[in-house]
Every structure is written in C-alpha cells, then in structure tokens.
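Engineer: Here it is, the structure in full.
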2 protein chains.
Amino acid sequence: MLRTHQAGSLGKDLTGTTVTLAGWVDRRRDHGGVAFIDLRDASGIAQVVIYDEEVAHPLRSEFVIRVTGEVRLRPEGNQNERLATGDVEVVAREVEVLAPSAPLPFQVSTALAGTEEAEHVSGDIRLKYRYLDLRRPAPARALRLRAAVTRAARRVLDEHGFVEIETPTLTRSTPEGARDFLVPARLVPGSWYALPQSPQLYKQLLMVAGMERYYQVARCYRDEDFRADRQPEFTQLDAEMSFVDQEDVMAVAEDVLAAVWAEIGVEIPRPIPRLAYADAMRLYGSDKPDLRFGNPIVDLTDFFADTPFRVFQTPYVGAIRYPGGASLPRRQFDAWQDWARSRGARGLAYVTFKEDGTLAGPVAKNISETERAGLAEAVGAEPGDAVFFAAGRTKPSQTLLGAARVEIARRSGLLHDDEFAFVWIVDFPLFKRVDEEGDDDVAVGSGAWTSEHHPFTKPAGDWVDRFEEDPEHALSAAYDIVCNGNEIGGGSERIHRTDVQERMLAFLGISPEEAHEKFGFLLEAFKFGAPPHAGIAFGWDRINALLSGSDSIRDVIAFPKSGGGQDPLTGAPAPISAAQRAEAGVDAAPEEPADAAEAGDAANA
Amino acid sequence: MLRTHQAGSLGKDLTGTTVTLAGWVDRRRDHGGVAFIDLRDASGIAQVVIYDEEVAHPLRSEFVIRVTGEVRLRPEGNQNERLATGDVEVVAREVEVLAPSAPLPFQVSTALAGTEEAEHVSGDIRLKYRYLDLRRPAPARALRLRAAVTRAARRVLDEHGFVEIETPTLTRSTPEGARDFLVPARLVPGSWYALPQSPQLYKQLLMVAGMERYYQVARCYRDEDFRADRQPEFTQLDAEMSFVDQEDVMAVAEDVLAAVWAEIGVEIPRPIPRLAYADAMRLYGSDKPDLRFGNPIVDLTDFFADTPFRVFQTPYVGAIRYPGGASLPRRQFDAWQDWARSRGARGLAYVTFKEDGTLAGPVAKNISETERAGLAEAVGAEPGDAVFFAAGRTKPSQTLLGAARVEIARRSGLLHDDEFAFVWIVDFPLFKRVDEEGDDDVAVGSGAWTSEHHPFTKPAGDWVDRFEEDPEHALSAAYDIVCNGNEIGGGSERIHRTDVQERMLAFLGISPEEAHEKFGFLLEAFKFGAPPHAGIAFGWDRINALLSGSDSIRDVIAFPKSGGGQDPLTGAPAPISAAQRAEAGVDAAPEEPADAAEAGDAANA
C-alpha cells in the first residue's frame, strides 16, 4: 500500500505519529514561504504543511502526491471545524509527485463545492470530463450512495430467499413494444441479436423452471428518442416470485424500499397507501400522482350540470385550486394559457376569488348567479385563491388538471426533494384503446384494444374468465409504485395458464403465427406446468436519483450518455471500418426462407 | 401466499397440523387405490397421500398442484431416510390443479437424478428446454450456488471498502484485441456502439476519478469463434484499486477466493503459492499449470548435451515421466503419437523402464550407453515407468510436455473435481513477439513486439525505465491466478503516467493517431493526475463451474448459448425485417469524414 492512513481518518489520537498519505492536491495556499496543501483522497481531506519551498514549488491543483510526515495539533485558533480532520495537520518530511496534472477544464476542489464557479459547468463538459466531475463531492457521493442502496436491496432480497440470476443480453426481441437495439450475429449470417428491453420473458421462464424467487440488477436497453431524462441503457432491479399473489410481491417491494430509503435516514410509513387507478385519475389526473401535497382535483360535472356556459356543457368539468393565486398579475394567467396550449389543451379557464369573496376572471361572467354563489364551497376555495377549470372529455381534462396541480405546487414552493410520498396504484385497466396509445409504445396485435401493461399481465379476480365481455372495465392484477410523481416500479401477477394466455392473445388480435414468432418459446414453456407467479421491476436509476436528490438520472450513472445517445467522453458511437462491417456480417443475407422457417420451428416447436 | 409451508420444511414437529403446499408432481405411485405423490418445490420434496381416486386420477408428472391436508407420521417401516421430510406425509383433503403439464421431452424427476435416463439428454435438447433442465437437482443447485458465491464475493469487497459501480455496455471499441460485437446507433447515423470486452478502460477512468476502490460483476462480450467452452457473453468479477501495488490486489483477491471456496466447504491454504512465469513454463510447460499433482518436467538439455541421437541435438530436450506407463500396450503409445501430432508436434519420443531396470522403446537404442545408464536417475523414473521426451525449441517442447503431463494425470485418475490447487503466476514477460501471437488475439500496433497482456500493463520494477532496451527479458507487474489448470483471474498494475504510456505505445508501434482513435480519452484523462492503480478480473463463469464441479461453463449460466452462439430456446439470433433494418440505421452512411474527424477531436482532444 502506498499509504499508511487515509487522509480523512486523521485525528488527535495520531498526534506525534508518522503517517504516509496519498491523494490529490485539492487546494494550495501559501503564507510566508510555507505551503498549506489540502490533500484529498476518497475518505476526505487532510492539511499538509510544507516548509521547504523547493519541495512545495511544483505542486499544483490535482497533482497526485505522496506525503510522509508527522501528525501534529494545529496551532490554537487555526482549527477548521468544517473538516473532520480539522484539529490536526501533517508536517511533510517527504513529498513525492506520483503524477502531475495539466490545468483543469473546470475546478473540482472540495473547497469550491456549492459555489457558482464549481456548479456552473455545462452538462456536456461534465460528461466529457466525467472522471474530473466525479472528483467533486456531490457526484462522487451519488455513486457511493448508489452502491450502498443496491447492497441494501440485495440484502433484503437475499433474506427473503431470492436467488440472484444473470439472464442473457444477446437475445431475441422482447415484446415490450419499444424499439430494440440490434447486434449482428457474425456466426449466423443475416441474423441479429436484440438487446433486452427487460428480462421479462426470461424471468417468467425461471419461474417455469422452479427457481421460485429470482432477482437481478439488470441492464436494459431501449432505442427510444432520448427526450427528457432517458438513457439508452438503464438499470432495473427486477424480481419475480412463484406461488404468490400481488400482496406478497408488494410486501417484499415495501421491504426493499424501506431498506433503501433507510440508507438516507428516511423511514417510509408502512403500509404504503394504495390508490385505485380510477381514483388516481379522478383526484390527481395522473397514474403517478405526487402526494407530497394535497389539493386534489374537484369534479364539478354535477355542479355545472345545468350551466348556461357553453364551454362547460361537456361530459366532464373539473377544477383545481391555486391557493393565493388571486394575486397573480394578469400576464401570469396569460402564461398559464400558453402552458395549457403546449399540452394540447385549448386554454385554461379560471376564476379568482377576491379577498371580499367576489368572483373575477373571464369565466365569472359566463356562469349563473347560483353557480357563482356556490362555487367557492364546491371547490373549497378561500378568498385570495384562483381556480383553474378543464372541461371536455374526462381523461384529457383530468390529465390537464393533474399537470396544473403539480405545476401550482412547484410554483408555490411545495415540492421538496427531501420529502417523499409513496403510493401504490392498483386496479389498473387491463386494456386501453389502440388510439389511446402513448407514444412510447407500439401497438401489439391488430385488435381495437391493446394491453395497458403487456400481454402477460393477469386479469384481476374473475376478469380472468370474462375480460373479453367488457374490455373497457376489465381490471388487471398490476400495480405501480409511485414516489413524488415518479413511477419508480411496477409489476403484475402473470398469466400462467396456456388457455388464458391464448385467449388474451386472440383478444388482442395477435395471430398464432405472430405469437409463435415473438414469444412462442414462452407459450411452449407454459405447456409443461407453470406455477402462478408475479413480479416487479424497479427503475433503479430513478430511485437513486430521488435518493441522492438529483434532478437527472445522469447524476447517478457513472458514465451517462448525452441526449442523443452519445458519450462525449469516449466518442461512442463511432463509424466502423468497411472491414469491421464485412467481418461482423452486417450485410450478410439470411439463410433461405425455407431454412429460416425450419430453424424457427426447431426453436419454437 | 398460495401455500403455508415449503414442501422441504415438513418435519415431525408439524404432525397433526394442517398445511397447504404448492409445487410440482415429481413422481406418482399407486398402491391399492391410494395415490402417493412426491410434491416438489424449490425447498425439497414432501409425500402427499390421496385416498380419493377421482381426485388423484388426473395428476401426472410435472402438473402444478396445490394440496391442503394434515401432516401425519408415516407408518412404521415406511419412512424414507433419503428425504429430509421422510418421517412424515400429508394426507390430502383438497387438491387443486394450478396448471397441467404436457408429456415432457425428457424426465426431470428428482427420483431419477443421476440415472442414465435422466443424464443422457443431448445438450441441445437441454438448452432448448432449459426451463425443464433447471427443474432437475444438479442444474438448479449450480445456479443457486452461483448466487451464494457472488454474494460471498460482494461481502468481502464491501468489507474492503470497494464501491460497486455499473459501467456502460453501449460503448466504444476497447483494446483487448478480440472482435467486438457492434450495435448500430439509430440516432447517430452511420455510427455504431461496441459491446465491451471488459470494463478495463472505464475502471481505469474511475481510478482517475478518485473512486479508489471499484468492483463490478460485469457482463463482457467477445465475438470469437465459439470453439471449446466459450460464450459470446460472459461474466467477470472486475475490481480495481488506487494507491496500491500488486501485493495489495493479490491479498484482496485471496480474500475473495477464500470466501468463495468456503461456500463449498473448502478452505484454501493461504498464502496461495507463487510461481514465476519462467518457472511455470520450465516445470509444467504452461502458464496455467495444474498443481493438483506433481510430476514436473525434467530438463535433460545438459544431460543430452553430447548425445549421438540426432533428434536430441536441439536447443532443448525435456522429459515427462509416466508412472506405470511401461505396461501400456504398443497401440496406446501409437495413440500418443497421434495425440502429439494433433498438437502440431512431429511425435512423442519415449522409453519404457522394464521391471528389471532395462530400457525399451524406440529411443532406447538411439542413445549412448552412458545416457541409458543415467537416464532413470536423471528423470526420477522407477521400474515400470515410461518417459516421454520432447526436443526442439524450448517453448513448444515445454508446452508439449506440459500437455502430456496433464493428459498422463488424467489417464492415471489423478484429477479430482473436488480437489483444488491454486497458484499465482507472476513475473510475466511484458512483451511477446508478434509471431508468437495466440489466435485469440489481434496484434496491436506495428512493432515486432506486442503486449503479453495489454498496453496499459505496467512494467515491473525498474523495467519501467528501460523496457525498450531488452524487451525479450522485460517483466510486467502482471499476475494470473490459476486453479486446477484454469486461469480463473488475472490482473496487473497499470501504467498511470502519461510519459510511460506514451513510450509504451511508441514501442509497440501504435501511432499517436491510432492511440488517439482507440483510447485517446484514457490518455487524455491521465494528464489530469492519475493515481497509481492496479486491479484484477476473475472469470466468474469458470470459477462457478469449478465450484459446482461442472465440466462446462454452460452449466453455471442460466440461459447459455450453443457452440454457434445460438440459443435453441428463444431462437436468437434471428433475421430482422427490412423495416427494422432501415429504422435501426444499419445502412446509414456516416457523417462526412470532415465532420467525423471534428466529432472525434471534440471527444478526444
């Protein structure tokens, strides 16, 4: 070992002893020919005093040095309370430069943490020099916390008898519906592997295999357009159990979350509350409601049943209260109209309640006197509040009000990174209409309905026997766990019976040929005795971002990609040579169709 | 939970209580209208007795059932000592079929484990129905052991302060020299990611980042021809440390190995012995010698210095003893000639020592009387032994004798799966001549010499200052850990100084342009103060195969690929559609060279 002690471990007890430290020059100050070096290693900082000017001369920021010297108490008044080692310093006897450093593209000194100079570095520069970014306290802490968090989750799952199993990543397209990353298979000309969007099919196969309790910290891949906070490769904590129902999975999941949040000293109240999907939409306009604050949506459909106001003569009218919003200047209300239009709405109707209780705002004059008189009570508004309305079809209106609810809370300063509100969303619809598809998903099958989750999700209760009869109201045994408005995990009971799975695929308009082609091996496996099973997958990057108070999952990934899926550090992806292309078999033609069909049969018969 | 107890947990203490079990019908026997079902779950087997013929009628092998009934002592004389639950049985009151099973392609019943019927299933059928294969005791045990082994390794590394960090798998070509798997990057037309052959560069960057102690159970990818026991994706336990030398890494590695082998009740004698590469070649003809047995190679070069036998008038003559080999029939010695020729040798000269001490065999008459007289003593042969010779260039001769040494031990029944002999191989040559390249590797650079390990390996001791002067004898600070003739891990101290790295690349004939293109980002990172660092990577699949007594790493991988990189279960890889091909950007042209060069500069400048 090139050192005897870690810098951050020095204390009064070592006074008078000789130590050897190794680390980086975090900061250097000079007073009267004496150099004071803050020596930084992974454990912390220690002050090194160098009296020999010649020795001290070459040392610059981020040089890697080794120092041997005697620990002594700092002179009275020179202690540094902000440092764990602030009572002592090391008087250098020997100093060795292990590696010099060129001037840095941005400052990483611990002393600058939190300052403008240190924080205002553009994201791309941080990514390009990620190895320097990670020398700063907050980024390094985020990675260390992530390791501790993963360890805590593994401990819980190990205690519950789960078996950690690694599943393949050079595999076949999985049916999540997003775009696959593809890999040419040199040895099977014209054929390609797909990188997995999740271990979904493999974990179900492991249940058929009798492993009973599986988990994996699984790398997953989705070739999406990288808007917002997405990464082409991301991590799931993935688990599956046999001979259980959703209660068992949720209990284990809560144990995992409790252990994980305990790593940052937060105790999650148990049991985590549950909210039916329909209630979440009704009250919060979202299937991932932020429950750090209240202020639910108020359904005013009945209230406005006989309204003279044409705009409110719709299947649904709802409202959201903006506490204190009455005092906003007009231009802010105008900005809210733009905000609503950017979300595809026509605008955002509103009223304000003056301090004297009278109504103002564009809507006030359009509604009846009775409506004006009862409105404050109906929406729970106080003098000084504003109220936004949405009217039209139910779901889009609720969604708009739900988004306004969060935005109001944000502008009102009600969203705190160190508060956490968890909720299970349950009783999901089993299906959605194909025309309701989110843009993340690709419709599977040719029917009018597609799976809200995926085609392996079990219908809830006795819907399993009659989901075809009333698909609009059929519920699934699926559950999402939501924290602060983020879906941080989700799962379901799975269909384990061949007959039910075949009915489901038929209902979704997935032909036997398509089913055979896409996941014939799973259907085949189910013929040999599949146990009832259920599972969950946690979005591990998002959970870690929440835990470390990071805005972006990039902050909890060691080497994240930029928005376009590029890595400014390594320059990946990069052009390949013609020779590489030829060798990888990128342009090889597949075997003749007849042979390919046979190969398919052999694999899936 | 669909059950109250695990089948394998039933014991006398539960007599008289009502339990609900769920699992598979492992075996069914019928006696006088009563059905006896061995119910199997992950925990073990319990006997269920069903008196109702109608209830019992449909139950077949591998049906998934749920049984509620009372635990009772088995009648005197009917206990089954081979079962943990053999004192009791469950008298079924309710039986529910959770899922039926079609007839199986091969038997998986626990009762058949180890029998001809169960074991003689072809590898491809086992892979295609891996979910059935894993219901059998040995394959399931191998996966469960692997989970325990990984947990043990993590525990040790956590205790040593290592931080588990996930590195990217959509990345840029790494310099291991094998062929990369490639992934088209849709969003960067004409550019491709490479799947990592190891996290080598990223872990070095993490050291530059000051993480100091990193580890990862890392998926790695090499697009090799899948001869022998290779998989296109495999797992390394990968670790790196800062401010250490090889002694520190070896100490941690031994802690990991000790904890891992303790999982199968084996205590590894510490410290693990060390052998210089040169000695390993001299004594065992291999850099991964199997030390479960002795019988080293005997160097007879001096002994035959004046030999009249033309075949032995070579730079090197060596011999290996075959204890008791004199009694082999002539056709076996002929077979040994074929064995040697299949390894590229001209043959395998030999003598036999008769019980009366006289020499026989083709070589005997060619050597001098003095040589005949002294040979037994020189090679340590006893009456009844045979001795094989190899003569020619030193390394090929030693390699041939080393292979013969292992083959003799195998044929003599000296290789036992449950004995483990560990050895560190140290003092590796830093370079090898380009014409000595193994076929795994692609020569890096244009020089006469290439790295024995990789270009980031630090020269040992003061070779760092003068490796160019005597490349043939220069040693590296590299170390391999070998168990039973398998290289199960390897690592090195790394070059951390830009000046040394640049000299190394220049010596290897890697131009600054090529270096910039391939790993410019690492060289760039080293400019900003890289700490001295060293690491190791363990071949996790191989280690787990050794621990579970498996012949092949396939047995310790949940869903392995067949020899051609195919998965008979899922049918991966598979042809892709023209639409997928177009969408993935497989045929997109890269940006214009000028732009590409700029992008490269931006990334690596």
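Engineer: Calculate, for the stretch B:12-103, the solvent-accessible area per residue in square angstrom, rolling a 1.4 angstrom probe over the heavy atoms of the protein chains.
Structural biologist: 49 Å²
Engineer: For the stretch A:290-425, what does the relative contact order come out to in percent, with C-alpha contacts under 8 Å and a separation of six or more?
Structural biologist: 37 percent
Engineer: At a Cα cut-off below 20 Å, give the aspartates and glutamates reachable from B:Lys354, other chains included and same-chain residues fewer than 8 away excluded.
Structural biologist: B:Asp334, B:Glu369, B:Glu371, B:Glu377, B:Glu382, B:Asp385
Engineer: A further question on this structure: Can you give the accessible area buried between chains A and B, summed over both chains, with a 1.4 Å probe, in Å² to the nearest 100?
Structural biologist: Looking at A and B, the buried total is near 10100 Å².
Engineer: For A:Ser548, what accessible surface area do you get with a 1.4 Å probe? Give it in Å², rounded to 10.
Structural biologist: Here the accessible area works out near 40 Å².
Engineer: Okay, next question. In Å², and per residue, what accessible area does the stretch B:139-220 have when probed at 1.4 Å with the other protein chains present?
Structural biologist: Ligands and nucleic acids excluded, the result is 21 Å² per residue.
Engineer: Then there is this: List the residues of the stretch B:511-526 for which accessible area in the full set of protein chains is at least 30 Å² lower than for the chain on its own; 1.4 Å probe, protein heavy atoms only.
Structural biologist: Those residues are B:Phe521.
Engineer: Other chains' Cβ within 10 Å of B:20-29 residues: what's the mean?
Structural biologist: That average works out to 2.
Engineer: How big is the Cα convex hull of the stretch B:1-140 in projection, averaged over all directions, in nm²?
Structural biologist: 8.7 nm²
Engineer: Once both axes come from the Cα atoms, what is the angle between helix A:593-604 and the longest principal axis of chain A, in degrees from 0 to 90, rounded to 10?
Structural biologist: It works out to around 80 degrees.
Engineer: Keeping all protein chains in place, calculate the accessible area per residue for the stretch A:356-438 (probe 1.4 angstrom), answer in Å².
Structural biologist: That works out to 45 Å² per residue.
Engineer: A further question on this structure: For B:Val266, A:Val500, what's the largest-to-smallest order of accessible area, 1.4 Å probe?
Structural biologist: B:Val266, A:Val500
Engineer: What does the net charge come to around B:Gly347 if you take all other residues with beta carbon closer than 11 Å to its beta carbon, with K and R at +1 and D and E at -1?
Structural biologist: +1
Engineer: Within a 10 angstrom radius of each residue's Cβ in B:90-101, how many Cβ atoms of other chains show up on average? Whole number is fine.
Structural biologist: Mean shielding by partner chains, rounded to a whole number: 3.
Engineer: Distance from a point 7 Å along Cα→Cβ of B:Glu583 to each backbone N in the stretch B:175-212: keep the residues under 18 Å and list them by number.
Structural biologist: The answer is B:183-190, whose backbone nitrogens lie closer than 18 Å to the label point.
Engineer: Within a Cβ distance under 12 Å of B:Gly549, other residues only, what is the Lys/Arg minus Asp/Glu net charge?
Structural biologist: -4
Engineer: Quick one: in the protein assembly as shown, what % of C-alpha pairs are over 53 Å apart?
Structural biologist: For the protein assembly as shown, the fraction of Cα-Cα distances above 53 Å is 33 percent.
Engineer: Compute the accessible area of each residue in the stretch B:226-255 twice, once for its chain alone and once with every protein chain present, using a 1.4 Å probe on heavy atoms, and list those whose area falls by at least 50 Å².
Structural biologist: In the stretch B:226-255, residues shielded by partner chains: B:Phe243.
Engineer: Here is a follow-up. Given a 1.4 Å probe and every protein chain left where it sits, what share in percent of the accessible area of the stretch B:12-103 is carbon and sulfur?
Structural biologist: For the stretch B:12-103, the apolar C and S fraction of the accessible surface comes to 47 percent.
Engineer: Using Cα positions and a limit of under 28 Å, work out the lysines in reach of A:Lys128, with same-chain residues fewer than 8 apart set aside.
Structural biologist: A:Lys561, B:Lys203, B:Lys458, B:Lys518, B:Lys527
Engineer: Let me know the Kirkwood hydrodynamic radius for chain A, please, with Cα pairs as the basis and the value in Å to one decimal.
Structural biologist: Computed over chain A, the radius equals 28.6 Å.
Engineer: Also, I was wondering about something else. From the phi angles alone, apply the Karplus equation (6.51, -1.76, 1.60; θ = phi - 60°) to the stretch B:140-155 and give each ³J(HN,Hα) in whole Hz, x where the residue is Gly or Pro.
Structural biologist: After applying 6.51 cos²θ - 1.76 cosθ + 1.60, I find 5, 4, 4, 5, 5, 5, 4, 4, 5, 5, 5, 4, 4, 5, 4, 4 Hz.
Engineer: When each copy gets a label point 7 Å from Cα toward the beta-carbon at B:Pro273, what are the spacings between them in nm, shortest first?
Structural biologist: For B:Pro273, the inter-copy label distances come out at 6.9 nm.
Engineer: Among DSSP bridges having both ends in the stretch B:12-103, what percentage is antiparallel? Round to the nearest 5.
Structural biologist: In the stretch B:12-103, DSSP labels about 95 percent of beta bridges as antiparallel.
Engineer: Multiply the residue gap between B:Ala102 and B:Glu502 by 0.36 nm, knock off their C-alpha separation, and tell me the result in nm, one decimal place.
Structural biologist: Taking B:Ala102 through B:Glu502 to full extension adds about 137.5 nm, to one decimal.
Engineer: Taking R0 as 56 Å, what FRET efficiency do you get between B:Asp225 and B:Ser368 from their Cβ-Cβ distance, rounded to the nearest 0.05?
Structural biologist: For R0 = 56 Å, the calculated efficiency reads 0.75.
Engineer: Here's a follow-up. Go through A:354-366, B:485-497 and give me the packing order, highest mean Cβ count within 10 Å leading.
Structural biologist: B:485-497, A:354-366
Engineer: Starting from the Cα-Cα distance between A:His473 and A:Ala262, subtract it from 0.36 nm times their residue separation and give me the gain in nm to one decimal.
Structural biologist: Taking A:His473 through A:Ala262 to full extension adds about 72.1 nm, to one decimal.
Engineer: I've got another one for you. Share of antiparallel DSSP beta bridges in the protein assembly as shown, in percent to the nearest 5?
Structural biologist: Expressed as a percentage, antiparallel bridges in the protein assembly as shown total about 95.
Engineer: Quickly work out the B:Glu382-to-A:Arg346 label distance, labels modelled 7 Å from Cα along the C-beta direction, and quote it in nm with one decimal.
Structural biologist: 10.3 nm
Engineer: May I ask for the net charge around A:Glu212, where only other residues with Cβ less than 10 Å from the Cβ of A:Glu212 are counted and Lys, Arg are +1 while Asp, Glu are -1?
Structural biologist: Taking every Cβ under 10 Å from that of A:Glu212, the sum is -1.
Engineer: Once the label point is placed 7 Å from Cα along Cβ, list for A:Glu247 the distances to the corresponding points in the other copies, in nm, shortest first.
Structural biologist: Nearest first, the other copies' label points are 6.0 nm away.
Engineer: Another question, if that's okay. What distance in nm lies between label points placed 7 Å from Cα along the C-beta direction at B:Ala335 and A:Asn78?
Structural biologist: Spacing of the two 7 Å Cα→Cβ label points: 8.2 nm.
Engineer: Shielding of A:488-497 by partners, i.e. mean partner chain Cβ atoms within 10 Å per residue?
Structural biologist: Per-residue shielding by partner chains comes out at 1.
Engineer: With all protein chains present and a 1.4 Å probe, how do A:Asp306, B:Asp567 order by accessible area, largest first?
Structural biologist: From most accessible down to least: A:Asp306, B:Asp567.
Engineer: Shortest first and in nm with one decimal, please list how far the B:Ala178 label point sits from its counterparts in the other copies (point 7 Å along Cα→Cβ).
Structural biologist: 2.8
Engineer: Something else about it: Need one word for the stretch B:293-415: rounded, prolate or oblate. Basis is the Cα gyration tensor (sqrt eigenvalues a ≥ b ≥ c); a/c below 1.5 gives rounded, then a/b vs b/c decides.
Structural biologist: Because its axes are fairly even, with a/c under 1.5, the stretch B:293-415 counts as rounded.
Engineer: In whole percent, and with a 1.4 Å probe on the protein chains, what portion of the accessible area of the stretch B:293-415 is carbon and sulfur?
Structural biologist: Accessible surface attributable to carbon and sulfur in the stretch B:293-415 totals 49 percent.
The values are calculated or read from the model by the stated rules, or taken from the named source; none is laboratory data. Note that this is a predicted model, so its numbers are computed, not measured. Reconstructed Cβ throughout: ideal geometry from the backbone, glycine too, with neighbour counts over all protein chains shown. Ligands, DNA and RNA are excluded from the accessible area calculation, which covers all protein heavy atoms including side chains. Shrake-Rupley method; radii C 1.70, N 1.55, O 1.52, S 1.80 Å.
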